[in-house]
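The values are calculated or read from the model by the stated rules, or taken from the named source; none is laboratory data. Keep in mind that what you see is a predicted model, and the values were worked out from it rather than measured. Counting neighbours? That spans all protein chains shown, and the Cβs are built from the backbone with ideal geometry, glycine included. These area figures cover heavy atoms from the full protein model, side chains too; ligands, DNA and RNA do not enter into them. Shrake-Rupley method; radii C 1.70, N 1.55, O 1.52, S 1.80 Å.
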Amino acid sequence: MIAPPPPLRPFVSPRHERGLRWALVTVLCAATMGPGPGTAATLSGVLVLQERGQPTAGLAGALVYFTPEAGVQSPATPVAAEIVMRDRRFGPRTISVPVGSTVRFVNTDPIRHNVFSVSPGNRFDLGLYGEGPGRAQRFDRPGLARIFCNVHRTMSAFVLVLETPFHAEPDTAGRFTLSGLPEGPGTLHVWHPRAEAWSRSMRLPAPGPVMVTLEATLPTVPPHLDKHGQPYRDPTDDERYR
C-alpha cells in the first residue's frame with residue numbers, strides 16, 4: 001500500500017513563531033500569578049468600645065479607614081462639608097473628609113462663637129461671628145484637626161483629613177465594611193474621640209472579619225487652651241458673648 005502523505009503544515013515565519021511562543025508564555029504566567037493588583041477586596045469588622053473593661057455605648061464619632069501600602073491610585077475628590085453649632089455644641093462632632101475639602105461652620109445659636117484649631121498643618125482661626133451661614137475653612141494637610149471655640153471651653157469637634165478614599169463610619173452595633181480596596185498589604189486604622197488611635201498591618205483579601213476593641217480612657221473634651229495659648233477665663237467673669 002502507498003502511505004498517505006503527511007498533513008500539510010501552514011507556513012509560519014520564524015518571527016511569527018517567536019511571537020506566538022511569547023504570547024503563550026505570557027498567558028501561562030498570568031494564569032499562574034492569579035489576580036493582578038487592580039483586583040478589588042472587601043474588608044469588614046466589628047468595633048467594640050469598652051470603659052473600665054466593660055462594653056459601653058457611645059460608638060458615635062468612630063471612624064475607620066484603610067491605607068494601601070502601595071499608595072492610592074485615584075485620590076478622593078474634595079468635598080464641601082458642614083458642621084453646625086447649636087446649643088453650644090458642634091454637630092456632627094466628628095467627620096472625615098478628603099484632603100483639599102472645605103468645611104463650613106454654621107452658627108445657629110443666638111450668641112457668637114469663635115471656631116479655631118492649633119493642630120499642626122491645619123491651624124486656623126475663623127474669628128468671632130454670630131448667627132448665620134457661618135464661615136468656611138479649607139483643609140489641605142492630612143491628619144487630625146482638633147476644633148474648639150475660643151469663647152466656650154466645652155465645645156470641641158474633630159476633622160480627620162484623609163488621603164485615602166477608603167473610609168467608613170461603624171453603625172450603632174459597631175459593624176463596618178470597606179469596599180473596593182486593592183488587594184495586597186496595607187494598614188487598617190480605627191479612631192474614636194475617647195480612645196487612643198488603633199492600627200494594624202494586614203494583607204488583603206483578609207481571611208475574615210476584623211475584631212477591634214478600644215478602651216475609652218480619654219475625656220469627652222480634650223484638655224486645651226484658648227487660641228492664644230492661655231487658660232480660658234471663668235465664664236462667670238464675662239457675659240459679652242452669651
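Only a single criterion out of (1) open to solvent by 30 Å² or more (accessible area, probe 1.4 Å); (2) modelled with pLDDT of 95 or more is not satisfied by ALA157, namely (1). Residues of region 208-219 that are part of a strand (DSSP E or B) and open to solvent by 60 Å² or more (accessible area, probe 1.4 Å): MET211, THR213, GLU215. Filter region 61-80 down to residues that are more than 12 Å from THR164 (Cβ to Cβ) and free of Cβ contacts under 8 Å to residues at least 60 places away in the same chain and give me whichever is farthest from the chain's Cα centre (by Cα). My answer is ALA80. Residue count for region 122-131 satisfying the condition of being under 18 Å from LEU160 (Cα atoms) and in contact (Cβ under 8 Å) with a residue 24 or more places away in the chain: 2. Here ARG146, ARG175 are screened, and the one residue that is touching a His at 6+ places or on another chain (Cβ under 8 Å), touching a residue at least 40 places away in the same chain (Cβ under 8 Å) and surrounded by fewer than 20 Cβ atoms within 10 Å (Cβ to Cβ) is ARG146. Would you be able to say whether some residue in region 221-240 is at pLDDT 95 or above, surrounded by 15 or more Cβ atoms within 10 Å (Cβ to Cβ) and on the phi > 0 side of the Ramachandran plot? Within region 221-240, none of the residues are at pLDDT 95 or above, surrounded by 15 or more Cβ atoms within 10 Å (Cβ to Cβ) and on the phi > 0 side of the Ramachandran plot.
With respect to the stated conditions, ARG141 is in a loop (DSSP other than H, G, I, E, B) and of a type in the set (D, E, K, R). In the set PRO193, PRO222, only one residue is within 26 Å of VAL79 (Cα to Cα) and in a loop (DSSP other than H, G, I, E, B); that residue is PRO193.
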